[in-house]
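Encoded as structure tokens, the structure appears first; notes follow it.
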Amino acid sequence: MKKCILVHGRLTDEQLATLSRDFDIEVFTGTALAEDPAFQAALPRAHGLIGTGLTITPALLDAAPLLEVMATISVGYDHYPVDELTRRGILLCHTPDVLTETTADTAFALILAAARRVVELADFVRRGDWQASIGEAQFGTNVHGKTLGMIGFGRIGAAVARRGALGFGMRVRYANASPKPALERELGAERRDLDTLLAESDFICVTVPLTPETEHLVGAREFGLMKPSAIFVNIARGRIVCEAALIAALEKGQIRAAGLDVFEQEPLSPESPLPHMPNVVALPHIGSATRETRDAMAQRAVENITRALKGQQPLNLVNESAWRSA
Ligand code: 8YV
């Protein structure tokens, strides 16, 4: 009998066809899937889950006693209870590498848009208000030659820094748990403690994963350390930043502008002032959302789940200890 996979994310027709050669496939769409009676009814036969955006509760895991592997179509896995999965012997796989360059492109889109006021000025043109958009009050600020401060210097952080250093002649500073000597040599990057980084940088870009240690890493105290001309960019996770403090810093002019792809609550609450602030560029969490990259992420997740269900070690295993104890 074929093992069963529940698909709760976007796979191409070809990827679905590939999976269905070896496995029974059941595809689910829609939000609030955990409450969907059809999905709940399918959980007892599931050997694997592949997709994104599912809230994993103990009740969901209890309902899926055959579950061997979960393949998330994302690099971040902060929404998965890793220790609990490991305890139950369930493998968790993610999709690093394939989204690195695209996500770094998004960071740069936000850096440029916030610095050059692209959205605000495009809105003037859209309203037919060309004259109002070209006065000195609408001038932006340079990106090239400035100091780029990276909070986090992993794969995506390095790709953002590479764009800054090599494409825009920026000085790169980074705050990271470990030093990165190879990147220091390649990009002339220098490591700083977080407070020094915040005080020195013209652009501050968050790329650390969300963990208990990084939750609300940037709050009122940290915004107080930044230059009044600083531009703050977050492409990682909203909860790394205290959003109320960010809003206050933007309102008070404590920092100049922000470019945000992620928020404490997603979708962003209709009450949030952020998308309406002229000095904010807000995107709907599209860091990796190009057709090519989302296809590549889905492909990697398909490879991971296939390997796991065939007893081979997946390429991108989060909880190695679950594999070793299997
Ligand atoms: C995902 C992301 O695409 O990979 C991540 O961690 O945040 C995004 O690239 C998003 O979670 C939806 O799949």
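Values in this text are rule-based calculations from the coordinates and carry no lab data. Everything numeric in this text was worked out from a predicted model, so none of it was measured. Reconstructed Cβ throughout: ideal geometry from the backbone, glycine too, with neighbour counts over all protein chains shown.
Put the Cα centre of segment 30-68 next to the Cα centre of segment 272-326 and the gap is 18 Å. Could you run the Debye sum over the Cα atoms of segment 100-282, one equal point scatterer each and no solvent, and tell me log10 of I(q)/I(0) at q = 0.18 Å⁻¹, two decimals? Summing over Cα pairs of segment 100-282 leads to -1.18.
From the Cα gyration tensor of segment 184-307, with a ≥ b ≥ c the square roots of its eigenvalues, which class applies: rounded if a/c is under 1.5, or else prolate if a/b is larger than b/c, or else oblate? Since a/c reaches 1.5 but b/c is at least a/b, the shape of segment 184-307 is classed as oblate.
Evaluating 6.51 cos²θ - 1.76 cosθ + 1.60 at θ = phi - 60° for every residue in segment 302-315, the Karplus couplings come out as 4, 5, 4, 5, 5, 4, 4, 6, 9, x, 9, 5, x, 5 Hz, glycine and proline recorded as x.
Counting beta carbons within 10 Å around each of W130, W323 and listing the fewest first gives the order W130, W323. This ranking places S133, S269 by how few other beta-carbon atoms lie within 10 Å of each, fewest first, which gives S269, S133. For K252, the lysines whose Cα comes closer than 29 Å to its Cα, not counting residues fewer than 8 places off in the same chain, are K146, K227.
In segment 242-294, inverting the average of 1/r over every pair of distinct C-alpha atoms gives 12.0 Å as the Kirkwood radius. Under a 5 Å amide H cut-off, with hydrogens placed 1.01 Å from N, V281 pairs with A258, G259, L260 among residues at least 5 apart or on other chains.
Each pair of Cα atoms in segment 206-252 enters the Kirkwood radius, and Stokes-Einstein at 37 °C and 0.692 mPa s then converts it into a translational diffusion coefficient of 301 µm²/s. The slack in the chain from A248 to T290, taken as 0.36 nm per residue of separation less the alpha-carbon distance, amounts to 11.9 nm.
Taking Cα centre as origin and charging only the Cβ of basic (Lys, Arg, +1) and acidic (Asp, Glu, -1) residues, the dipole magnitude of the chain rounds to 700 debye. Here's how it looks for E215: its modeled amide H is under 5 Å from none belonging to a residue 5 or more places away or on a different chain. Radius of gyration over Kirkwood radius for segment 1-74, both on Cα atoms: the Rg/Rh ratio is 0.93. With a ≥ b ≥ c taken as the square roots of the eigenvalues of the C-alpha gyration tensor of segment 13-161, please select rounded if a/c is under 1.5 and otherwise prolate if a/b is larger than b/c or oblate if it is not? Prolate shape, in that a/c is at least 1.5 and a/b is the bigger ratio. For segment 240-252, the Karplus equation 6.51 cos²θ - 1.76 cosθ + 1.60, evaluated at θ = phi - 60°, returns couplings of 6, 10, 7, 5, 4, 5, 5, 4, 4, 5, 5, 5, 7 Hz by residue, with Gly and Pro reported as x. Summing -39500 (n - 2.57) over the DSSP H runs of n ≥ 4 in the chain and dividing by its residue number, what mean residue ellipticity at 222 nm do you reach, to the nearest 500 deg cm²/dmol? Taken over the chain, the calculation gives -10000 deg cm²/dmol.
Amide H contacts of R171 (H built 1.01 Å from N, in plane; Pro and chain starts excluded): K146, T147, L148 sit under 5 Å, all sequence-distant by 5 or more or on other chains. Our summary of shape: the Cα atoms of the chain have principal axis extents of 70, 48, 33 Å, ordered from largest down, in whole angstrom. Computed from backbone phi, the HN-Hα couplings of segment 67-74 come to 4, 10, 8, 10, 10, 7, 8, 6 Hz, rounded to whole numbers (Karplus: 6.51 cos²θ - 1.76 cosθ + 1.60, θ = phi - 60°; Gly and Pro given as x).
Cβ crowding within 10 Å, taken as a proxy for footprinting-reagent exposure, orders D105, D13 from fewest neighbours to most as D13, D105.
Annotation: for a label point projected 7 angstrom from Cα along Cα→Cβ of A122, residues of segment 234-273 with backbone N closer than 17 Å are 258-262. Note on M277 and D22: the model spin-label points, each 7 Å out from Cα along the C-beta direction, lie 4.8 nm apart.
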